[in-house]
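Worksheet: one structure, shown below.
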Amino acid sequence: MADRVEVPTFIQMREANWRFGFKLLSLINEAPLRANRERSPLAVERNVLLSPLGLGITLGRLLPSLSETAQRAVASSLEWPNDGLIEPQSATALLAAQLTGADPQVQPVHAGLYWVEPGTPVKLGRDLSGNRVLESAFQDGAAPPEINRWIAAATGGQIGEALIPGPRRPGPLVVVDATVFEGIWSRAFNPQSSLQAPFTLLDGKQTTVWQMSRTGSFRYYETPGFQAVQLPFGGDGEWSMAVFVPAAGVPLRSFVRNLSDEKWRLWFEQFRMRDGSVTLPRLRLRYGQDLRRALRALGMRSAFTRSEGEESLGEAGLLIDAVDHQTAFTVSETGLTRPSAATGGERFALPLRPGETPFTFSADRPFMFAVVNTYSGFVAMLGTVIDPTQP
């Protein structure tokens, strides 16, 4: 019998970050289909923007306050290794370290807040940078003004309202998680090359969007099922935007549903530098969602307050009433180096393989993207864009 190979915790946590993000993204992308079958008003297609890294940090730091059963459920749903038995402080410290880099211009900004009724005991990990516990009474479902002031300050004003509008029943704990990223490309797109062009929506109709374009050398990969390109941010390319456009006839929802950590690892091993042209919409995405239902569906049911008719587990520990997830992502033509005024990019410089021609990549229909730490492989943000004109 072969010896068992121990996989380093770092690699296990990175792959857990991928799996959790893929499962949550797929679940939320499937929600409009389920809601439509139920004739629910939630049957609305929209852009989705998640931060699996931010959620892992915020929920992981909460584990010491939960019952043992809930701790296992949350850690397992986050896909943490060793059946969720990894020490929470070590796990969250590893995740938080991914947000600390040498280039402050392009670092994702993360903040987490735990809103509890006065007197509610909350035990968190010792590493609380970017996190806060707020004790304030729940009244009429409204958020205390200090929550919005704090989250606006923590995110540089990109998120001004922490909680999704709507009634909020009194509960033991509301978790607020926010992650924002404003990308500055390593190489700028030429604004003079940007133009209004059609973007095909899910239903086949078209809308007009501002498309940026640039030629040059890019990390590129394609299969019969999709095209993908990586666009680096900042001076050293520590972070990059990986954009995946499914082939014509491949529904975006199906593409997301079939994501896995094995495929993701293989794809990123296959990217290589190639000459080509890239066209991408300007993006200013703002997303807010109470993830209670989605996280319960992923297996965190025991960590949440009980719905009517559900049996209590009878264990001591804090229960979560809501997880309000807020994200913001912005990219435009802005970059650290200016492109050629004539071409919108640099000249082709790489030798072509026999029979190979420069590629053409156009995100002119629904696509998926990820903001990836190029050095560690962790995914900070993961999203699907079905209409770039949506806020």
Problem - Partners for Lys23 among lysines (Cα-Cα distance below 16 Å; same-chain residues under 8 apart left out) - result: Lys263
Exercise for the section: Can you put Lys123, Lys23 in order of Cβ neighbours within 10 angstrom, beginning with the fewest? Expected result: Lys123, Lys23
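Most exposed first by the Cβ proxy, i.e. fewest other Cβ within 10 Å, how do Arg365, Arg293 rank? Write out the running numbers ahead of the final one.
Working: Arg365 19, Arg293 16.
In order of increasing Cβ crowding within 10 Å: Arg293, Arg365.
Net charge near Ser193: determine it from the other residues with C-beta under 11 Å of the C-beta of Ser193, scoring Lys and Arg +1 and Asp and Glu -1.
Working: positive: Arg214; negative: Glu333.
After counting each charged neighbour, the total is 0.
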Handout entry: Exposure proxy order (Cβ contacts within 10 Å, fewest to most) of Val48, Val74
Key = Val48, Val74
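Bear in mind that the values in this text are calculations on the coordinates, not laboratory data. In this text the structure is predicted, and so the values were computed from the model without any measurement. Backbone-built Cβ (ideal geometry, glycine too); neighbour counts: all protein chains shown.
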